[in-house]
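These notes are about the structure you will find just below.
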Amino acid sequence: MTLTEQKAAVRKQAYEARKAAFDLDAGGASGLLSSVLAGYRGVPLAGYMPIRSEIDPLPAMAEAAAHGPVAVPVILGDGKPLSFSRWTPDRPLREGPFGARVPEVDDFLEPEILIVPLVAFTRAGGRLGYGGGFYDRTLEQLRGRRATLAIGFAYGAQEMEALPLEPTDQTLDMIVTDSEVIDIS
């Protein structure tokens, strides 16, 4: 089985686990994320607009936006790193690629903290995303400029023992789930 086939099989399993956790989510899953972000008040950060069965970071992002700049990812093209446009809870949004909403008017900033959506993760900081490489390219670029904290945000049910990873896959510094904070460092 090729690495691509392995990743596809793991993604299928992880999507099912994530959907089951999402269906049981009664709200409040971002509480631990809020408590982690409280230690970084004012530091420019980027979250994401949840799609499908992704765990919802918006309550934590709204709280962080009261203390400093918050942005969401904007895809500017295949094979390119993500850009990040300033977001606030009341800012008008438009449809972006892949069904994720983005600010109606772009106001780009460079975050020092990224809240990263996941399909699956390992306790060692391994991350499996959707397969486009957007976050890997982005983290590599940002980390080449300065220290950048990558916080994976997922349901605990998305944890895997091991993942088929490639040398270009960027690791996470921390993982926050609906039930625990896993510090990789």
**Asked** Restricting the search to segment 149-170, which residues are closer than 13 Å to V116 by Cβ, in contact with a Ser or Thr (Cβ under 9 Å, 6 or more places away or on another chain) and assigned to a loop (DSSP other than H, G, I, E, B)?
**Response** A154, Q170
**Prompt:** Looking only at segment 4-28, which residues are over 14 Å from D56 (Cβ atoms), loosely packed, with under 12 Cβ neighbours inside 10 Å and under 18 Å from the mean Cα position of the chain (by Cα)?
**Reply:** none
**Prompt:** Tell me, which residue of segment 96-105 that is in contact (Cβ under 8 Å) with a residue 24 or more places away in the chain and loosely packed, with under 13 Cβ neighbours inside 10 Å is nearest to R137 (Cα to Cα)?
**Reply:** F98
**Prompt:** Taking the stated definitions as given, is V181 among the aliphatic types (A, V, I, L, M) and surrounded by 20 or more Cβ atoms within 10 Å (Cβ to Cβ)?
**Reply:** no
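For (1) crowded, with 20+ Cβ neighbours inside 10 Å; (2) under 15 Å from the mean Cα position of the chain (by Cα), each residue gets a yes or a no:
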residue: R52; (1), (2): no, yes
residue: A64; (1), (2): yes, no
residue: G68; (1), (2): no, no
residue: R94; (1), (2): no, no
residue: L109; (1), (2): no, no
residue: R123; (1), (2): no, no
residue: L128; (1), (2): yes, yes
residue: G132; (1), (2): no, yes
residue: Y135; (1), (2): yes, yes
**Unmet requirement for L33, which otherwise passes all of (1) under 29 Å from P164 (Cβ atoms); (2) of a type outside the set (S, T, N, Q); (3) within 14 Å of the chain's Cα centre (by Cα); (4) outside any helix (DSSP H, G or I)** = (4)
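A short reminder: the numbers here are calculations on the coordinates, not readings from a lab. Just so we're clear, the structure is a prediction, and the values are computed from it rather than from any experiment. Don't worry about glycine lacking a Cβ; one is built from the backbone with ideal geometry, like all the others, and counts go over all protein chains shown.
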